[in-house]
Amino acid sequence: MFIGVGFFNLFNLLYHLFMVRYLPPIEYGHLNTLMALFMVISVPASTVQTAVTKFVSSFQTQNKYDLVKKLLRHLLVLMSIVGLVIFVLLTTGSSSLSSFLQISSYKLIIFLAAGLFFAMVIPIPWGGLQGLQKFGSMTLNLIVNGSLKFVLGILFIFLGWGVLGAMGAIAISYAATVFLSLIILGVALREKGGLPQGEKGVKDSDPTSISEVYSYFLPVGITLLCFMLLTNIDLILVKHFFPPIEAGFYSIAQMVGKIILFLPIPVVMAMFPKLSSLSGQEKRGFSILRQGLIIAASLCSGAVILGLLFPSWMIKILSGKVYLECIPLVRLFCINMSFFSLTLIILYYHLSTPNRFYLYPLFLLTLIQTGLIVLFHKTLVQVLLVVGVVAVTLFGVNLYLIYRHRERGGQGL
């Protein structure tokens, strides 16, 4: 998973490096804002993938492969409908949305809608592969998705399609990966076959199992929606409140921060299915969480040191130019995203347990951050200070919740 997510992030980084160099700051601001909107709207998809991973992992442990197949078929139909509804809503409201975000071409919204349709479907096969712990297949999918977006993005830019070509590459890469992952998942499930003869009676519990999946959607949906808003709403609001050139500088600086935010993703993808397969093994769960936090902290600390000491160097490597306006923003982004990265590890630990109390501070702090940015956005630095205070507070609260859970369970991190 480290190899797969590493290449996926590398291709994403190369994609952004190319775009920030070949697109003017204003157009790159358009692209980055739409990608932030893509992340927020695709929260239902992330919710489904997390739920699919958890229940497929659980069903596999019990050797209930018929339930795995039924669950995947059911959710594939559901998410195809959700994707179609989102596509229709965005295309019909493309003019209004482009006006709100100060984007000149409504066609960008249409490309966004097309990409979101496939982004709604892809969590089903990806969640299935992750739950079956087919990490090699997941690695292949991630590499294909990232490389295709990068290669097509370069091709479309050289063809003169500009930011429209950049968005089109995203839509095509998701479409291709959907079909690839469905084929691989189908082969994996055929290899597993049906249930052993003695477990045929488990089919009677299908409705209950599906209802358990739906009941799990709510906490996962709230968790991922809040986290996506916490890490993306600032960019959307900056695009609305600030002139396009300043929003462009903010997007360039954010690119450094997002690299740090995505560093622990392979830790999460490998950790979560293992945690979900545990039942009543709190000591082992705490051990996995501790290892995940140590790895994530090690990765983030090195990146933060580079960002604090050499911000202009990092900006030049990423964009090919040194934008002085970005230097103070890069430093703050590095600190903020490192705390969000560590918090993400803890949030996925919470999702693997019955504990749901963490949702209250998470939801409250999301509202507080959004409200404070709306009220206090005199400068870009002021916006990032608001985000930083919320990031540190959220991390501290979640550490306390883990500590309290440890004390009640008599186990240690």
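Among the residues of segment 119-156, those identified as touching a Gly at 6+ places or on another chain (Cβ under 8 Å) and under 20 Å from VAL82 (Cβ atoms) are ALA119, MET120, VAL121. For the residues LYS134, LYS107, the requirement of being surrounded by fewer than 22 Cβ atoms within 10 Å (Cβ to Cβ), among the basic types (Lys, Arg) and within 23 Å of GLN49 (Cα to Cα) singles out LYS134.
The single condition among (1) crowded, with 22+ Cβ neighbours inside 10 Å; (2) of a type outside the set (S, T, N, Q); (3) not in a helix (DSSP H, G or I) that ARG356 does not satisfy is (1). With respect to (1) under 30 Å from VAL151 (Cα atoms); (2) surrounded by fewer than 20 Cβ atoms within 10 Å (Cβ to Cβ), the lone exception for SER42 is condition (2). Put simply, of PRO273, PRO266 the only residue that is at pLDDT below 85, crowded, with 19+ Cβ neighbours inside 10 Å and touching a Phe, Trp or Tyr at 6+ places or on another chain (Cβ under 6 Å) is PRO266.
Just one of the listed residues (GLY160, GLY153, GLY198, GLY131) is small (Gly, Ala, Ser) and at pLDDT 90 or above, namely GLY153. Kindly check whether there is at least one residue in segment 64-72 that is in a loop (DSSP other than H, G, I, E, B) and surrounded by 15 or more Cβ atoms within 10 Å (Cβ to Cβ). Looking through segment 64-72, at least one residue is in a loop (DSSP other than H, G, I, E, B) and surrounded by 15 or more Cβ atoms within 10 Å (Cβ to Cβ). Please work out if LEU84 is surrounded by fewer than 19 Cβ atoms within 10 Å (Cβ to Cβ), assigned to a helix (DSSP H, G or I), in contact with a Phe, Trp or Tyr (Cβ under 7 Å, 6 or more places away or on another chain) and modelled with pLDDT of 90 or more. Taking the combined requirement at face value, the residue satisfies it. Going through (1) surrounded by 22 or more Cβ atoms within 10 Å (Cβ to Cβ); (2) of a type in the set (A, V, I, L, M, F, W, C); (3) more than 15 Å from LEU101 (Cβ to Cβ) one by one, LEU23 falls short only on (1). Restricting segment 372-384 to residues that are part of a helix (DSSP H, G or I) and more than 23 Å from the chain's Cα centre (by Cα) leaves a set whose member that is surrounded by the most Cβ atoms within 10 Å (Cβ to Cβ) is LEU380.
The set of residues in segment 304-360 that are touching an Asp or Glu at 6+ places or on another chain (Cβ under 9 Å) and either among the basic types (Lys, Arg) or closer than 16 Å to VAL20 by Cβ (or both) contains only GLU325.
Here are the criteria: (1) over 21 Å from the mean Cα position of the chain (by Cα); (2) in a helix (DSSP H, G or I); (3) surrounded by fewer than 21 Cβ atoms within 10 Å (Cβ to Cβ). Tell me which single one LEU299 does not satisfy. It fails just one condition, (1). The single condition among (1) aliphatic (A, V, I, L, M); (2) over 21 Å from LEU235 (Cα atoms); (3) surrounded by 15 or more Cβ atoms within 10 Å (Cβ to Cβ); (4) free of Cβ contacts under 8 Å to residues at least 24 places away in the same chain that LEU309 does not satisfy is (3). Just to verify a result, which residue in segment 26-60, among those that are of a type in the set (Ser, Thr, Tyr), within 12 Å of the chain's Cα centre (by Cα) and in a helix (DSSP H, G or I), is farthest from ILE265 (Cα to Cα)? This residue is THR47. Considering only segment 366-382, I want to know if a residue exists there that is touching a residue at least 12 places away in the same chain (Cβ under 8 Å), in contact with a Cys (Cβ under 8 Å, 6 or more places away or on another chain) and more than 16 Å from ALA296 (Cβ to Cβ). Yes; the residues of segment 366-382 include at least one that is touching a residue at least 12 places away in the same chain (Cβ under 8 Å), in contact with a Cys (Cβ under 8 Å, 6 or more places away or on another chain) and more than 16 Å from ALA296 (Cβ to Cβ).
Here's the yes/no breakdown for (1) at pLDDT 85 or above; (2) acidic (Asp, Glu):
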site	(1), (2)
PRO44	no, no
VAL48	no, no
LYS54	no, no
THR61	no, no
ASP66	no, yes
LEU76	yes, no
MET79	yes, no
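Do we have LEU108 as closer than 24 Å to VAL43 by Cβ and either assigned to a helix (DSSP H, G or I) or within 18 Å of the chain's Cα centre (by Cα) (or both) here? Considered against the rule, which asks whether it is closer than 24 Å to VAL43 by Cβ and either assigned to a helix (DSSP H, G or I) or within 18 Å of the chain's Cα centre (by Cα) (or both), LEU108 comes out as yes. Considering the conditions (1) within 28 Å of ILE236 (Cα to Cα); (2) in a loop (DSSP other than H, G, I, E, B), SER338 is excluded by exactly one of them, (2). Select from segment 314-353 the residues that are buried (at least 19 other Cβ atoms within 10 Å of the Cβ) and of a type in the set (Val, Ile, Thr) and write down the one among them that is modelled with the lowest pLDDT. Among them, the one singled out is ILE315.
The values are calculated or read from the model by the stated rules, or taken from the named source; none is laboratory data. Keep in mind that this is a model prediction, so the values were computed, not measured. Every residue, glycine as well, gets a Cβ built from its backbone with ideal geometry; the counts of neighbours run over all protein chains shown.
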